[in-house]
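See structure below.
FYI, it's all coordinate maths here, none of it is from the lab. Quantities reported herein were computed from a predicted structural model and do not represent experimental measurements. Note that each Cβ is placed from the backbone with ideal geometry, even for glycine, and that neighbours are counted across all protein chains shown.
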């Protein structure tokens, strides 16, 4: 864990007035997965993108179960600001556990689901936003780097599970016809 504090403390030296405004904003987009939930709703409302909407929605459901209901409660990892209390936070203190990063997991669940649409106009911008959200969590000193890596892994797994569910449903529909 000392190497993780080295990374987080290094990021504190990179802080700028712009970053201190931008990073909390970017991070807030991931609060409760709201940006990804809104994206799923919009995609579900448009017939041409409905499948993508289902992929994202189902991936987010898997993410909530894996990340928030299971892993955070199994690991009970303390957040970095609770250990190094000298750091001044730019956001309200999250009240749940640190591992894995829920913001990151939801973001990468959505990105992975969108990747399976093979629509680069959707998944590449989503990937950029997901990376910014993940980075913001370290910049804001609310997650360790391994929380972020765990969030990426859980997000990708959730997206893969979503793809498997949707593909299985499509195959079942083809057999019935």
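Conditions tested, residue by residue: (1) under 20 Å from residue 115 (Cα atoms); (2) touching a residue at least 60 places away in the same chain (Cβ under 8 Å).
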| site | (1), (2) |
| --- | --- |
| 16 | no, no |
| 39 | yes, yes |
| 42 | yes, no |
| 46 | yes, no |
| 58 | yes, yes |
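Restricted to the range 62-100, and to residues that are touching a residue at least 60 places away in the same chain (Cβ under 8 Å) and either assigned to a loop (DSSP other than H, G, I, E, B) or at positive phi (or both), which residue is surrounded by the fewest Cβ atoms within 10 Å (Cβ to Cβ)? The residue in question is 84.
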